[in-house]
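What follows is one structure encoded as structure tokens, with my remarks underneath.
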Amino acid sequence: MICDRCSAQVYLIEKCNYCERSLCLSCIKSAKRQKKIRRIVICKDCWGKLPIRTKFKREK
Ligand SMILES: [Zn+2]
Ligand SMILES: [Zn+2]
């Protein structure tokens, strides 16, 4: 699979919950579980945008 952000070919891809791109692990800044079901993933680009980062931090 190809990462949408850095174009690296990797085996494991995760989707950023904010920009909806499929990303490799090195492009993911942080991730957490919501209510033990949903996984919230934020990429490095979205982490750089303060409103999105704040939103991520508020997710429980
Ligand atoms: Zn990547
Ligand atoms: Zn993103």
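The values are calculated or read from the model by the stated rules, or taken from the named source; none is laboratory data. As the structure is a prediction and not an experimental result, all values here were calculated from the model. Please note that ligands, DNA and RNA were not included when accessible areas were found on the heavy atoms of the full protein model with its side chains. Shrake-Rupley method; radii C 1.70, N 1.55, O 1.52, S 1.80 Å.
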### Summary
On the accessible surface of the chain, probed at 1.4 Å with all protein chains in place, carbon and sulfur together account for a percent value of 52 percent
#### Entry: Net length gained if the chain between VAL10 and TRP47 were fully extended (0.36 nm per residue, minus Cα distance)
11.2 nm
#### Entry: Straight-distance crosslink candidates among aspartates and glutamates, where the alpha carbon sits under 14 Å from LYS36 and sequence neighbours closer than 8 are dropped
GLU59
## Note on the structure
Residue separation between LYS55 and ALA31 times 0.36 nm, minus their alpha-carbon distance, gives in nm 7.4 nm
### Summary
GNM of the chain, Cα pairs under 10 angstrom: of LYS44, LYS36, LYS15, the biggest fluctuation goes to LYS36
### Contact order normalised by residue count of the chain, Cα under 8 Å, 6+ apart, percent
25 percent
### Query
Can you tell which of ILE37, ILE13, ILE28 shows the greatest fluctuation in a Gaussian network model of the chain with Cα springs below 10 Å?
ILE37
### Global form of the chain, assessed from the alpha-carbon gyration tensor, a/c cut-off 1.5
oblate
